[in-house]
Amino acid sequence: MTLKKPKIVVLGAGYGGLMTVTKLQKMIGVNEADITLVNKNDYHYETTWLHEASAGTLHHDRVRYPISSVIERNKVEFVQDTAVEIKAAEKKVILENGELDYDYLVIAVGGESETFGIKGLKEYAFAIVNVNAARQIKEHIELQFATYQNEEDKKEDRLTIVVGGAGFTGIEFLGEMGNRIPELCREYDVDPNKVKLICVEAAPMVLPGFDPELVSYAVAQLEKKGVEFKIGTAIKECTPEGIIVAKGENEVEEIKAGTVVWAAGVRGNSIIEKSGIEAMRGRVKVQPDLRAPGSEDIFVIGDSSLMINEEINRPYPPTAQIAMQQGECCARNLAALIRGKAELEAFKPDIKGSVCSLGHDDAIGLVFGKKMVGAKASFMKKMVDNRALLLIGGASLVMKKGKFNVL
Ligand code: FAD
């Protein structure tokens, strides 16, 4: 008698999904389960490098690699498709081009840009969300420089770049742009004094939650690169001409800009709400073993999930570090389930630190409790980037895609 193999379907080949699959394929035998990985594209991209591709400081092909290069095809079937709905009651996933049944499902489809209902942001601002969005930002900025150079009636506002948000993504993008602008000025014969790089942030501080001394260093370094900070300033609207911000109690001010990049919010993937799964801003508050509330067979990991840090009673920030650790835990729990174990492991994040780049040559970081800035922190950032490659694809992937420009 042959027993039916359980079907495991993993949605999303980002940090969380790919980590789940690459760990699980090592843990289980060919006859233990059928694993299907579904992803929009046939490649994985390093989301944490997208600010570099957006600024044009790293080629977009450097931030992605084929999914086929890291999966074992005798154990994992890869389906390139987009999941549109999860029918939990029927244990089915609806894809754009078909459907899949599952016994166990892992939702790892990442997040989406959160615009908080601010008028015009969806239409007129860019968001650093995937490889093609990054390419569009890079191309758009270059087009602004080229057009400025060639138009008779010069519109200087074209050369203003506004970044909404002084969180991790916004600051890392500003760092790259600070390095890229002098190059763009040389490439397109534009006077650097005409270019403006403005960071607008509604909160009263830059990089909330980061060590204040490190934040001061970051702000000073970015200001040296020409960044102008407008902190405690809320964007009210984005228009084809730029942004409108609140000024004082009742007044507003227009900041004209050829490029607006919105980097101020993450919410869960819209497929979650569409599927009727209980969520907060599209993120599922998971049980300690990473399963959806009340579910025996659906795991949710990465930016699609939400976990509370009990020490401060606030959600853990959505990070690649946590997504990958959840992927490992999810793989162990899936292996336990298919082997009939009832007890699953509770996920415990092991936060090793956080490093925020300020361009390829500078950074700030708090790693294993130690503060670092400058070249040392920048070296650490590249090691963190290389570690993500190592954990998913091993040493050969590091050799192919790793960052070795460590000086
Ligand atoms: P992702 O890595 O975003 O992957 C989701 C995958 O699902 C993608 O491949 C996508 O194509 C696919 N997908 C989406 N929808 C569907 C669908 N419907 N059907 C099929 N496939 C789908 N975190 C850190 O820890 N450190 C950092 O330094 C850092 N820097 C960052 C810099 C930038 C510019 C950005 C944008 C983020 C940064 N983050 C950082 C956050 C980090 O990138 C995310 O937390 C992480 O990518 C989340 O991993 P994930 O697996 O949930 O989703």
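The values are calculated or read from the model by the stated rules, or taken from the named source; none is laboratory data. Here the structure is a predicted model, which is why all the values come from computation and not from measurement. All Cβ positions, glycine included, derive from the backbone under ideal geometry; neighbour counts span all protein chains shown.
Residues in the range 12-30 that are of a type in the set (Ser, Thr, Tyr) and within 11 Å of the ligand (Cβ to nearest atom): Tyr15, Thr20.
The single condition among (1) at pLDDT 95 or above; (2) surrounded by fewer than 18 Cβ atoms within 10 Å (Cβ to Cβ) that His60 does not meet is (2). Contact annotation: residue pairs with Cβ atoms under 6 Å, 6 or more positions apart or on different chains, pairing a residue in the range 37-56 that is more than 20 Å from Gln25 (Cα to Cα) with a partner that is within 7 Å of the ligand (Cβ to nearest atom) and hydrophobic (A, V, I, L, M, F, W, C), are Thr48/Ala320; Leu50/Ile128; His51/Ile128; His51/Phe173; Ser54/Ile128.
Sub-9 Å Cβ pairs linking a first residue in the range 109-134 that is over 22 Å from Asn41 (Cα atoms) and more than 9 Å from the ligand (Cβ to nearest atom) to a second residue that is part of a loop (DSSP other than H, G, I, E, B) and of a type in the set (Asp, Glu), at least 6 apart or interchain, are Tyr124/Glu241, ordered by first then second residue. Can you give me the number of residues within the range 109-136 that are surrounded by fewer than 19 Cβ atoms within 10 Å (Cβ to Cβ) and more than 17 Å from Val63 (Cα to Cα)? The total comes to 8. Of all the listed residues (Glu228, Glu187), the sole one being without any contact (Cβ under 8 Å) to a residue 40 or more places away in the chain and of a type in the set (D, E, K, R) is Glu228. If you go through the range 395-407 one residue at a time, do you hit one that is buried (at least 20 other Cβ atoms within 10 Å of the Cβ) and among the small types (Gly, Ala, Ser)? Scanning the range 395-407, I find no residue that is buried (at least 20 other Cβ atoms within 10 Å of the Cβ) and among the small types (Gly, Ala, Ser), so the answer is no.
What number of residues within the range 303-344 satisfy the criterion of being part of a loop (DSSP other than H, G, I, E, B), over 30 Å from Gly56 (Cβ atoms) and in contact with a Leu (Cβ under 9 Å, 6 or more places away or on another chain)?
Total meeting the criteria: 3.
Just to check your reading of the model, which residue among Ala377, Ala388, Ala335 is touching a helix residue (DSSP H, G or I) at 6+ places or on another chain (Cβ under 6 Å) and crowded, with 16+ Cβ neighbours inside 10 Å? Every option except Ala335 fails the conditions. I'd like to check something: does the range 40-50 contain any residue that is surrounded by fewer than 17 Cβ atoms within 10 Å (Cβ to Cβ), within 13 Å of the ligand (Cβ to nearest atom) and farther than 30 Å from Leu174 by Cβ? Looking for residues that are surrounded by fewer than 17 Cβ atoms within 10 Å (Cβ to Cβ), within 13 Å of the ligand (Cβ to nearest atom) and farther than 30 Å from Leu174 by Cβ, one finds at least one in the range 40-50, hence yes. Within the bounds of the range 229-242, is there any residue that is of a type in the set (Gly, Ala, Ser), under 22 Å from His140 (Cβ atoms), modelled with pLDDT of 95 or more and outside any strand (DSSP E or B)? No, the range 229-242 contains no residue that is of a type in the set (Gly, Ala, Ser), under 22 Å from His140 (Cβ atoms), modelled with pLDDT of 95 or more and outside any strand (DSSP E or B).
Yes or no, residue by residue, for (1) assigned to a strand (DSSP E or B); (2) modelled with pLDDT under 95:
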position: Val84; (1), (2): yes, no
position: Asn132; (1), (2): no, no
position: Glu139; (1), (2): no, no
position: Gln149; (1), (2): no, yes
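Here Leu207 meets each of (1) assigned to a strand (DSSP E or B); (2) touching a residue at least 40 places away in the same chain (Cβ under 8 Å); (3) under 22 Å from the mean Cα position of the chain (by Cα) with one exception, condition (1). The residue that is surrounded by the fewest Cβ atoms within 10 Å (Cβ to Cβ), counting only those in the range 272-300 that are charged (D, E, K, R) and not in a loop (DSSP other than H, G, I, E, B), is Lys274.
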